[in-house]
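The values are calculated or read from the model by the stated rules, or taken from the named source; none is laboratory data. All figures in this text were calculated on a predicted structure; none of them were measured in a lab. Here the Cβ positions follow ideal geometry from the backbone for every residue, glycine too, while neighbour counts run over all protein chains shown. Just the protein is used for accessible areas: all its heavy atoms, side chains included, with ligands, DNA and RNA removed. Shrake-Rupley method; radii C 1.70, N 1.55, O 1.52, S 1.80 Å.
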Amino acid sequence: MTYRIAFIGFRHGHVLSLYDAARDRDDLEIVGACEEHAATRADLLESGRAEIAYDDADALIREIDCDIIAVGDTYARRGGMLLKALEAGRHVIADKPACTRLDELARIEALAGDKQLQVGCMLTMRDSAFMRTTRRLLREGAIGEVHAIQFGGQHPLLLGSRPAWYFEPGEHGGTINDIGIHAIDAIPWATGQRITRIEAARCWNAFVPESPHFGDGAQMMLRLENGAGVLGDVSYFAPDTAGYAMPQYWRLTWSWREGVLEAGTNLPDIQLLRAGDTESEQIPLDPKGESYLDAFLASIEGRDPEEGGLTTQQVITSSRVSLQIQDAADKGRTAIDLRSEERRVG
C-alpha cells in the first residue's frame, strides 16, 4: 500500500532526510509541503531541495488529502502542528523533539489514542549499527547486569550557520530535550530498564553570552529501575571543525557485572572487555535493520514492528521523560521519582 504524506515545516535540516526517504520509497507519495517562514521557503525553492506549494499550514491540512503529516518546524511550533494534524485525522511523524511542553505531549497522546492514530519520531539512534549491536550484546547477557552507563553526545554549536531561531527565546526548548532525547530513548530500549529517577540535571549558558537564555551546556544524572546510574553530557561544546566526526561524538560506555562495553557513532566496532580479560575484544557491527520510518509505517498498517522497533507509546514515553529531565534542569529540581510523577498524573 502507498501512503500519501505531506510536510509542514523545514526549519531544521533533519526533516529533509525524512523528505528524501519518502521521495525514494515505493510505499510513500509526497502530496504536498508547506513552509510558513518566508526566508526558509525561498531558500528551499531556490535550492530545489523540496517542492513547497503552501505557505499556510492550516490550508495544507484543510486542502491536501493525505494519510500522514510530517512536521519539522522550530521545536516550539511542532506540538501545535502535530495536534492540528491529529485533530484532522492524520497520522503524524516529527523530527525530534516532537514538542517542548509536557501539556502538549499529554494532549498529543490523548488525541492519538482517541482517534487511533500513530505518532512517529525521528529517534534515529535506534537505527544505528552500533546501537543495534550494543542492544543485542546486552540482551544476550554478554557482560551481565547493568551497574552504570556514561554517555557523551556533545555537538558543535556552529554559530553563524545554525538556525537563528535556536537562540530566540521560547523556540528551542532546551538542549536536553533537543539532543539528550536520543540517549533517553535508546538506553531503556537497549537495556530493558526504564529511567525511573532524575537525580539531577543542569543546563547553563557557557559559549553564547549574547543569548543568555540559551543553555548550550547540558548534563544529567539519572537512575534506571534496577538502581543503575546514568551520567550524560549533551552540551554544544564540541569543536566546530571536528564536530560530528570526532571519536567522542555519541559515545556510550556500559559497565556491567561481568565486563565493560563501549560503542559510538564514529567507532568502527564494539569494544568489549569481559571480566577476567586483560584486552578488549573487537565485535563487528551488526547490519542495519528496520528504521524508525519502517516501524512507523508498520504500526499504521496494524503490523508489529520488528523486535525492538519504535512504537507510538515508546515515542510518547521517551518524549515525556526527556521533557521531565529538561524541566528538572530548568527549575533546579533534584531527586525526582518518575514513578511517583506517573501516579500523580494518572
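A compact table of results
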quantity	calculated
One residue from Arg333, Arg274 being basic (Lys, Arg), open to solvent by 30 Å² or more (accessible area, probe 1.4 Å) and in contact with a strand residue (DSSP E or B) (Cβ under 7 Å, 6 or more places away or on another chain)	Arg274
All positions within segment 85-104 that are in contact (Cβ under 8 Å) with a residue 12 or more places away in the chain and surrounded by fewer than 20 Cβ atoms within 10 Å (Cβ to Cβ)	Glu87, Ala88, Gly89, Arg101, Leu102, Glu104
Odd one out for Ile179 among (1) crowded, with 18+ Cβ neighbours inside 10 Å; (2) free of Cβ contacts under 8 Å to residues at least 60 places away in the same chain; (3) in a loop (DSSP other than H, G, I, E, B)	(3)
Residues within segment 251-299 that are modelled with pLDDT under 95 and in contact with a Phe, Trp or Tyr (Cβ under 6 Å, 6 or more places away or on another chain), tallied	0
Pairs with Cβ under 7 Å, 6+ apart, first in segment 109-130 and aromatic (Phe, Trp, Tyr), second open to solvent by 20 Å² or more (accessible area, probe 1.4 Å) and part of a loop (DSSP other than H, G, I, E, B)	Phe130/Thr265; Phe130/Leu267; Phe130/Leu285
Which numbered condition Tyr244 fails, given (1) free of Cβ contacts under 8 Å to residues at least 40 places away in the same chain; (2) within 26 Å of Arg78 (Cα to Cα); (3) open to solvent by 60 Å² or more (accessible area, probe 1.4 Å)	(1)
Residues of segment 211-235 classified as touching a residue at least 60 places away in the same chain (Cβ under 8 Å), open to solvent by 30 Å² or more (accessible area, probe 1.4 Å) and among the aliphatic types (A, V, I, L, M), total	1
Qualifying residue in segment 112-124 (condition: more than 30 Å from Trp250 (Cα to Cα), open to solvent by less than 20 Å² (accessible area, probe 1.4 Å) and not acidic (Asp, Glu))	yes
Odd one out for Ala70 among (1) within 25 Å of Glu171 (Cα to Cα); (2) in a helix (DSSP H, G or I); (3) open to solvent by less than 50 Å² (accessible area, probe 1.4 Å)	(2)
Check on Gly302, exposed (fewer than 12 other Cβ atoms within 10 Å of the Cβ), over 20 Å from the mean Cα position of the chain (by Cα), within 23 Å of Val146 (Cβ to Cβ) and modelled with pLDDT under 95	no
Test set (1) under 23 Å from Thr253 (Cβ atoms); (2) touching a residue at least 12 places away in the same chain (Cβ under 8 Å); (3) open to solvent by 10 Å² or more (accessible area, probe 1.4 Å) - Glu140 fails condition number	(2)
Filter pass, Ala129 being crowded, with 24+ Cβ neighbours inside 10 Å, among the aliphatic types (A, V, I, L, M) and at pLDDT 95 or above	no
Qualifying residue in segment 251-261 (condition: within 19 Å of the chain's Cα centre (by Cα), in contact (Cβ under 8 Å) with a residue 40 or more places away in the chain and outside any loop (DSSP other than H, G, I, E, B))	yes
Residue ID - most open to solvent (accessible area, probe 1.4 Å), chosen from residues in segment 18-39 that are touching a residue at least 24 places away in the same chain (Cβ under 8 Å), of a type outside the set (Phe, Trp, Tyr) and in a helix (DSSP H, G or I)	Ala21
The listed residue being under 24 Å from Leu158 (Cα atoms), among the hydrophobic types (A, V, I, L, M, F, W, C) and either open to solvent by 50 Å² or more (accessible area, probe 1.4 Å) or free of Cβ contacts under 8 Å to residues at least 12 places away in the same chain (or both), out of Ala76, Ala53, Ala42	Ala42
Breaking point among (1) closer than 30 Å to Arg90 by Cβ; (2) out of contact with any Ser or Thr (no Cβ under 7 Å at 6 or more places or on another chain), for Ala142	(1)
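This table checks each residue for (1) under 21 Å from Leu261 (Cα atoms); (2) assigned to a helix (DSSP H, G or I); (3) basic (Lys, Arg); (4) modelled with pLDDT of 95 or more.
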residue: Gly144; (1), (2), (3), (4): yes, no, no, no
residue: Phe151; (1), (2), (3), (4): yes, no, no, yes
residue: Leu159; (1), (2), (3), (4): no, no, no, no
residue: Gly173; (1), (2), (3), (4): no, no, no, yes
residue: Pro188; (1), (2), (3), (4): yes, yes, no, yes
residue: Phe207; (1), (2), (3), (4): no, no, no, no
residue: Ala218; (1), (2), (3), (4): no, no, no, yes
